[in-house]
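Asker: Structure below; questions to follow.
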Amino acid sequence: MNNVSQAPDSQPLLARLAHLIVRRRRIVIAAWVVLTLFGAFAAGQVSKRWFESFSIPGYSAYEANQRTLKTFGTGEQAPLVAVFHSNGDVTKATGIRRAISDAAAVNPGSRTSSYWSTGSRAYVSKDGHTAFAEIYPPGTPTFDSSTHIKEVRARLKAGTPAGVEANLTGRDALYEASTGSGSGPSVLTEALVGGAGALVILFFVFGTLPAVLIPIAVAIGSILNTFTLVWILTYITNVSIIVQFLIALVGLGVAIDYALLMIFRFRDELREGEDVETAIVETMTHAGRSVIVSGSTVAVGLLSMLVLPLPFIRSIGIGGMLIPTVSVIAAITLLPALLAVLGTRINSVRLLPKRFVDRGHPEDGPWGRWAGFVVRRPIPVAAAGLVIVGLLVYEGLQLNPSEAQAKYFPGRGDAIDGRAALDKAGISAGVMKPFVVLVEHGANPRAVAVRLSSDPGVQGAAAPREWRKDGTSLVEAFSTSDGASDQTKHTISRIQSELKDTDATLGGVAAEDRDFVHAVYGNFPYVLGFVIILTFILLTRAFRSLLLPLKAVLLNLISLVAAYGIIVFIFQQGHGSEAIWGVHATQSIIPWIPLMIFAFLFGLSMDYEVFMISRMREAYDETGDTKYAIRLGLARTGKLVTSAALVLMFAFFVLSSGPGLDIKQFGIGLAAGIIFDATVIRALLVPSLMTLMGRWNWWLPQPAARVLRVRADQATEPV
């Protein structure tokens, strides 16, 4: 074989590893079996150690809410909103105060406020027919916590006097009405469904039983051993509960992707007449190297999460990084050992008729014909790809990362009726997420309430007497618009500025939500820069080119914005979301979704770039013919890339089966982004643009070659 694009010692290292694994294949497999069995035990143990807090340390609203929680036992959860309506003056009805007290008692330690406890008309509509009460549940919300909304509602209605209609609404009640109260499938169920889908795809990709089962075996080993490492990690740092879903489904997809690449190459080498050991060595030398580079790009995307000042997102980055790490190790150790045991029998036990099993040269198949067309007609192919990308990028630029406003929650029932009653009475949706100002050091809460009431963005404010303890008190205020609206965001900024350097600090859910967006997107440029620079360096060394990595990074960013365009079109604008998932247009995307899509999609989609360009680079090194290299690389990797993308797409689509809107947006965003990238970006734009670039694809100046430790005779100058 011709020289390979690596530092002088890396190729022999992979070759030596391949020979060692072939000779010790049974020991390697036995070691993986033992570790995997222990991983099954670790998966059960780590389920008790997940981190479920979503803290934003250092941000004023979060810190104020934490101090409120410490003093009053409440402050981290949005209130349940009890709505009372009568045909007469609702404030004259007797027994409502007792109904509020009974409802609050369902969650012992709840804090309440209303006209009946404060005497403030801020809780009553202008016509006096409608009033509301805030019931703040105690404690910190977690994935498994419950505010017992049904029980609170039952107590509220039972205690409400005749002639008064009562409803229980609020952010969490509306969320429950729009998504149902089910918990969705478990991690194990999602992994099993994802695995079943992967089996079907592999069935049509390979057509033989051993080739179908090997990727599943590698995925099982990768997933369970990742749980072992995460279990150990939980004793060092907190790890978010979200990581368990990522291990199960991202781990499934990534491990199968890498196994596909290795098996495709192994079968290619056998087809060329190589013996089993030589085929494994060549597979490790070329495909194994691509797997290592691909895993590194995925890890870089996840490591970028460490730049953000949010502990739970940092823990997702650290825990998530272990997924590609273990998958790479499995692909270059366990997989070669399994291939060594099977040898040529990998093509035995056909599951499809012989004519459907791919045994010929890929260059003569559909992907070979498509590659030839792209090389002959690069301009129209590139133009078609750019039109599609342009439409989705335009949609992606409309992205609004924010919590949904109350009016956009779909559904029916008592919570929706309560929302409608408030709106009809002219009471602002701001009561769903009130401002709660923490007043400390014995300062006067009434003065703070008067000050807040004078703000044009505040509908009313009150300082409940029951909300005072040991020199600390709370003031409640209601914005004139929804807590997630742009108007309220400006109001929050203005109030925070006015209260600066005083004994009062703005808290509440709306202010903390705004702090979260600032924490994420205020630091996002650093995340983006971190990922781009490290990825560019990795790919420059892998491809031995300056322009190919630049193109790869730019296309990946375009692909990312296009993926945002898909979720904007579906969920933010509501095209198809109601018909398919029963979700109305939200006019926003949950704030953490774009960030996590970036972290995973950037690295995962870069896998396909590495798979394709590595094969093209190898062909170019052998022939010096750019067009031939593009044709062969696309023909040999086209089926691989689309098959791998289908596996990942199905895994993420399964993730969207959860009941929560956030999980739906995350799963669909990743699923659509992956398949879009594998088709429009990799099948249209990458080969067509490379054809137009010609010899400039391989440009690497001599100084850069020396820095990257690539031999000078391997650095190709343009002509």
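Asker: Return yes when Thr297 is hydroxyl-bearing (Ser, Thr, Tyr), touching a residue at least 24 places away in the same chain (Cβ under 8 Å), within 30 Å of Phe203 (Cβ to Cβ) and surrounded by fewer than 16 Cβ atoms within 10 Å (Cβ to Cβ) and no when it is not.
Answerer: no
Asker: Test Ser117 against the stated conditions and say whether it is in contact (Cβ under 8 Å) with a residue 60 or more places away in the chain, more than 30 Å from Phe51 (Cα to Cα) and surrounded by fewer than 21 Cβ atoms within 10 Å (Cβ to Cβ).
Answerer: yes
Asker: Going by what's in this entry, would Gly638 be described as open to solvent by less than 10 Å² (accessible area, probe 1.4 Å) and at pLDDT below 85?
Answerer: Values: open to solvent by less than 10 Å² (accessible area, probe 1.4 Å): yes; at pLDDT below 85: no.
In short, no.
Asker: Hey, another quick one. What's the total number of residues in segment 449-491 that are over 18 Å from Phe132 (Cα atoms), outside any loop (DSSP other than H, G, I, E, B), open to solvent by less than 20 Å² (accessible area, probe 1.4 Å) and among the hydrophobic types (A, V, I, L, M, F, W, C)?
Answerer: The total comes to 3.
Asker: Please count how many residues of segment 361-416 are assigned to a helix (DSSP H, G or I), closer than 18 Å to Phe569 by Cβ and touching a Leu at 6+ places or on another chain (Cβ under 9 Å).
Answerer: Qualifying residue count for the region: 3.
Asker: Quick one: which residue in Phe245, Phe264, Phe312 is crowded, with 23+ Cβ neighbours inside 10 Å and more than 23 Å from Thr540 (Cβ to Cβ)?
Answerer: Within the list Phe245, Phe264, Phe312, the selection yields Phe264.
Asker: Does Ser559 satisfy being in contact with a helix residue (DSSP H, G or I) (Cβ under 8 Å, 6 or more places away or on another chain), of a type in the set (Ser, Thr, Tyr) and within 19 Å of Ala645 (Cα to Cα)?
Answerer: Yes, satisfied.
Asker: Here's something else I'd like to know. Which of (1) in contact with a Pro (Cβ under 9 Å, 6 or more places away or on another chain); (2) farther than 30 Å from Phe569 by Cβ is the odd one out, the single condition Ser453 does not satisfy?
Answerer: Every listed condition holds for Ser453 apart from (1).
Asker: Moving to a separate point now. Give me a count of the residues in segment 493-510 that are out of contact with any Ser or Thr (no Cβ under 8 Å at 6 or more places or on another chain), crowded, with 22+ Cβ neighbours inside 10 Å and not in a strand (DSSP E or B). Explain how you work it out, then say what you get.
Answerer: Applying the first criterion (out of contact with any Ser or Thr (no Cβ under 8 Å at 6 or more places or on another chain)) to segment 493-510 yields 493-495, 497-498, 500-504, 508-509.
Those still in the list that are crowded, with 22+ Cβ neighbours inside 10 Å too: 495, 504, 508-509.
Next, from what is left, pick out any that are not in a strand (DSSP E or B): 495, 508-509.
So the count comes out to 3.
Asker: Would you say Leu35 is within 20 Å of Ile247 (Cα to Cα) and more than 28 Å from the chain's Cα centre (by Cα)? If you could, list the steps in order and put the result at the bottom.
Answerer: Values: within 20 Å of Ile247 (Cα to Cα): yes; more than 28 Å from the chain's Cα centre (by Cα): yes.
Answer is yes for this residue.
The values are calculated or read from the model by the stated rules, or taken from the named source; none is laboratory data. These figures come from a predicted structure and were not determined experimentally. Please note: Cβ atoms are built from the backbone with ideal geometry, for glycine as well, and neighbour counts cover all protein chains shown. Quick note on the areas: whole protein, heavy atoms, side chains included, nothing else; ligands and nucleic acids left out. Shrake-Rupley method; radii C 1.70, N 1.55, O 1.52, S 1.80 Å.
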